[in-house]
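Report on the structure given below.
Please treat every number below as a calculation from the coordinates, not as lab data. The shown structure was predicted, so the numbers you read here are calculated from the model rather than taken from an experiment. Here the Cβ is made from the backbone with ideal geometry for all residues, glycine too, and neighbour counts use every protein chain on show.
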Amino acid sequence: MKIFEIIDAELELSMGVLLYYEKEKTCIIELQAYLDEWTAPLLFTSYVKQHIYTIPRDISRLWVQERVIPSGRQNIKEILAHHNLKEYDEMTFLEISSGKCSQDSLYIKKIENLPEYVIDRTKYNIMECVMSEQRRLLCFFVDGTLKKIDLADISNLEGVDKIIRNEKLYQSGKVGTGGYFVTFNDSIDISARLLYERGERIPLRLGDFTAFVQNNVIDTTQSCNILQCSRQNVAYMVSHQQMMPIKEDVRGNLYLKGDVIRNQW
């Protein structure tokens, strides 16, 4: 990850930082909390008015795009050759120009470490997310909190109604870059901030769930050992619904330990 401080040369004021995740080519901008609608960059004023200082990836990317030579420029090949570049890359051009453009007095400066205010905010980023039953998300946050979010409660957000209606889209959900959001099909994002604010707290931690998986989820071989039977016997029990795998795989299934033990009784 590359970190750039965004500075207003005219105001001599730090606006925030631009985080660039190189592997996924994702940008996230973290603004300073002291900005208001008059001092914040124009593109971000609507967020600042709502006291939102972590800017979504699409708007962060748009800020970058507005400050660099567009890929459709007529003489783009000559420009690439001049800078000894093999292909067009927005962030490379942003670094070359130090993020300067004629629209304002902003520029960027590369820094090595995250500012403290950004580190504090990342405590509310997501570590793990489970797509649970009935369109409910279970989100494990960096600060150790677990929250349950019913998508029906946030169905007014753009795209969430599509997630609710489409099982395949719902199951595509995963933690987005840096834990800043949960993304569905890499096209519909729900911010970690909103999930933290709107979620119902559950008095459990990620360690409780990992302990459960380590101690209570077993494979076919372990099931055979507990039941003192062959794999064929286990397959027979499954086919007669005496126990059900929680995950099926050609190399072997996974079962709940309690479900297996019940077949000893």
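Below, the figures for the structure above:
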{"item": "Those aspartates and glutamates that a straight Cα-Cα span of less than 15 Å connects to Lys123, excepting residues fewer than 8 apart in one chain", "result": "Glu30, Asp143, Glu197"}
{"item": "All-pairs alpha carbon distance profile, the chain, 5 Å steps from 0, percent", "result": "1, 5, 10, 12, 12, 12, 11, 9, 7, 5, 4, 4, 3, 2, 1, 0"}
{"item": "Sequence of Arg198, Arg262, Arg57 once ranked by neighbouring C-beta atoms within 10 Å, starting from the fewest", "result": "Arg262, Arg198, Arg57"}
{"item": "Calculated from backbone phi, Karplus (6.51, -1.76, 1.60) coupling profile of region 182-196 in Hz, x at Gly/Pro", "result": "9, 10, 10, 6, 6, 9, 10, 10, 10, 5, 4, 4, 5, 5, 5"}
{"item": "Equivalent ellipsoid, region 156-265 (semi-axes from 5 times Cα gyration tensor eigenvalues, Å)", "result": "37, 17, 12"}
{"item": "Integer Hz, Karplus 6.51/-1.76/1.60 couplings in order for region 60-65, x for Gly and Pro", "result": "4, 5, 4, 4, 5, 4"}
{"item": "FRET efficiency, 1/(1 + (r/R0)^6) with R0 25 Å, evaluated for Ile52 and Thr92 via beta carbons", "result": "0.30"}
{"item": "Region 52-101 and region 129-160: distance between their alpha carbon centers, rounded to Å", "result": "34 Å"}
{"item": "Entries of Lys148/Lys174; Lys77/Lys109; Lys174/Lys247 with Cα pairs more than 23 Å apart", "result": "Lys77/Lys109"}
{"item": "Cα pair count fraction exceeding 20 Å, expressed as % - region 2-120", "result": "42 percent"}
{"item": "Ranking of Cys139, Cys224 by count of other Cβ atoms within 10 Å, fewest first", "result": "Cys224, Cys139"}
